[in-house]
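Written below as structure tokens is the structure these notes are about.
The values are calculated or read from the model by the stated rules, or taken from the named source; none is laboratory data. Note that this is a predicted model, so its numbers are computed, not measured. Cβ: placed from backbone, ideal geometry, glycine included. Neighbour counts: every protein chain shown.
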Amino acid sequence: MIRFRRLFDLGTEAEQRTFRAVRDIFPRVFPAEPEAIDRVEALLTGRESRDFETLLLVAEREAGVVLGFSVLLYFPEIKAAYLYYIASDPDRPARGIGGALYEASRELLIGRGARALYSDAGPDEIEKLKDPAVLEVNKSRLRFYERYGALPVAGTLYDALPNPANENYQTLLLYDPLGRDRRPTRAELRRFVERMFAAQYGFAASDPYVKKVVASIRDDPVALRPRRYRTTPAAPRSWLRPLKVVVTPRHEIHHLREKGYVERPVRVRAILRGLEGLPVEERPLRRFGEEPIRAVHDPALVSYLGAVCAQLKPDDILYPEVFPIRRPERRPRELVSRAGYFCIDTFTPLTRNVYTAARASVDCALTAADLLLHGERLAYAVCRPPGHHAERRVFGGFCFLNNAAIAAHWLSRSGKVALLDIDYHHGNGSQDIFYDRADVLFVSIHGTPDSAYPHFSGFSDEKGEGEGRGFNRNYPLRRGTGDARYLEVLDEALRHVRRFAPKWFVVSLGFDIMRGDPTGSFLISLRGMRMIGRRIGALGLPTLVVQEGGYSVWNLRHGARNFFLGLAESWY
């Protein structure tokens, strides 16, 4: 089994471990330039200022054994990329790793909107070679690239002028249209050559060598050399699986057939249907026990939920009725009478299955969080029941245990966490849990508490307290908020996240911000959901998305699809 994944900034131990394997392969494949791997590392870790992206893709088998890698320089403003390096481990049987890497690299670029992939290859004409012994190798390489429609650029000095920064070797410049039936324009190729020489060799556009090559690009569109190797075209395959999905397997046991109870099992089915056809990979649930829960919630709340649910009969539905406004230190003796002591509203009932389902929902979020700790960069926990209204010592709002907060605390043991809540309703539970902490930034965009549940929290003047002062940000918005205003506020919220510079990013996702949700009053469209996903993905942080609300089945299906399409557009 082979898989491909992108390494980003080497910010986690798992990524650093993988990069060490890449570093081990590099000099065995490129013995003439072993120090070049240091340049790749510098590009990835941001030690150089740059106006292009470095994309490192690794091929792995089980147990994380690295089989090969590709390094791409992507210039987003011209939607073109340069294949800097591609290699498979020379000490392992090839088994098509190089071809799969190239295919996955093309898929990565297509997902990011690239229109062209350029690469260098040695000449396949013996009179242009310093070492005739490499002729057959060069022919084989060009035959391989032709399978993907990549052909040498013709009629320029690129392959005729020896490159002074490359030991005066002559190379062919290959153009891969990435599946499109087009050739580059003269302006496109000139711009690419300038950008590539600057990024790879540090040549300025005014350098005499660069000026000669650029001036020699005269054809418009650019001429390509005819095919020389009649190969069978490569069939397109999908190698990348950027979105890891974890689903609460036993969520359906939490099902109340009461009129008006909108938190229903069909919500999960609608989301999963919306993800059909997208590049997703479902991962199995792991069990974590109660320790991570008790690290976040008051043990008395956890013990109560377990005890009262075990006591209820299969058909019992317990709604809280009496609340401790006065004398809160007095707890009723009977568990059933104590429900109001631990609940903030009258519409979040307890049943025999609630605690089991809530525990599984927590495990769902922790399983997805653990994927990030082990090197994944994007995971989606389809949690049900939701959790962001569950505070340290109380439950409510259809939420019993705070999935996102428990996962954020789990991640915070190895670095700072930013938790962004974009559910329509304020995440009072997450705010309460992290209100006095400086290692977890909580940011929430939601309906104004004047008219939206939970009413008593989510005001803009709630900034945190103690060590957490300044690490809590609320953006309450009025009824009728549409795409433009929401995206404006989201940009401001994400600026706070960037300044905080977290190692991990957790998103509490609610589709109740969309037009037509029965519990919300915003007017976010499908395009808006896609733009929200795109902006969140553009942060490039290891990201855990945790499902919260959203109660229109149509919105859940189509909102999920558009949000994750937008996220993938930034992440690819």
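Overview of values
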{"quantity": "Cβ pairs under 9 Å, 6+ apart, first in region 411-427 and free of Cβ contacts under 8 Å to residues at least 60 places away in the same chain, second in a strand (DSSP E or B) and buried (at least 24 other Cβ atoms within 10 Å of the Cβ)", "calculated": "426/444; 426/446; 426/447"}
{"quantity": "Qualifying residue in region 382-395 (condition: in a helix (DSSP H, G or I) and at pLDDT 95 or above)", "calculated": "no"}
{"quantity": "Region 40-58 - residue that is out of contact with any Lys or Arg (no Cβ under 9 Å at 6 or more places or on another chain) and surrounded by fewer than 16 Cβ atoms within 10 Å (Cβ to Cβ) and, of those, modelled with the lowest pLDDT", "calculated": "47"}
{"quantity": "Some residue of region 222-236 being touching a helix residue (DSSP H, G or I) at 6+ places or on another chain (Cβ under 8 Å) and at pLDDT 95 or above", "calculated": "yes"}
{"quantity": "Residues (surrounded by fewer than 24 Cβ atoms within 10 Å (Cβ to Cβ), more than 14 Å from residue 243 (Cα to Cα) and among the small types (Gly, Ala, Ser)) located in region 358-387", "calculated": "360"}
{"quantity": "Matching residues, region 100-159, being in a helix (DSSP H, G or I) and polar (S, T, N, Q)", "calculated": "105, 138, 140"}
{"quantity": "Among (1) of a type in the set (A, V, I, L, M, F, W, C); (2) in contact with a helix residue (DSSP H, G or I) (Cβ under 6 Å, 6 or more places away or on another chain); (3) at pLDDT 90 or above - the single one residue 25 does not satisfy", "calculated": "(2)"}
{"quantity": "Residue under evaluation residue 204, criteria (1) among the small types (Gly, Ala, Ser); (2) out of contact with any Leu (no Cβ under 7 Å at 6 or more places or on another chain); (3) modelled with pLDDT of 95 or more, criterion not met", "calculated": "(3)"}
{"quantity": "Unique match (being hydrophobic (A, V, I, L, M, F, W, C), over 30 Å from residue 416 (Cβ atoms) and at pLDDT below 90) among 32, 81", "calculated": "32"}
{"quantity": "Qualifying position, being over 26 Å from residue 542 (Cβ atoms), in the same structural domain as residue 368 (by TED's automatic domain parsing) and not in a loop (DSSP other than H, G, I, E, B), among 499, 473, 485, 479", "calculated": "485"}
{"quantity": "Test for residue 438: is it closer than 26 Å to residue 265 by Cβ, at pLDDT 95 or above and not charged (D, E, K, R)", "calculated": "no"}
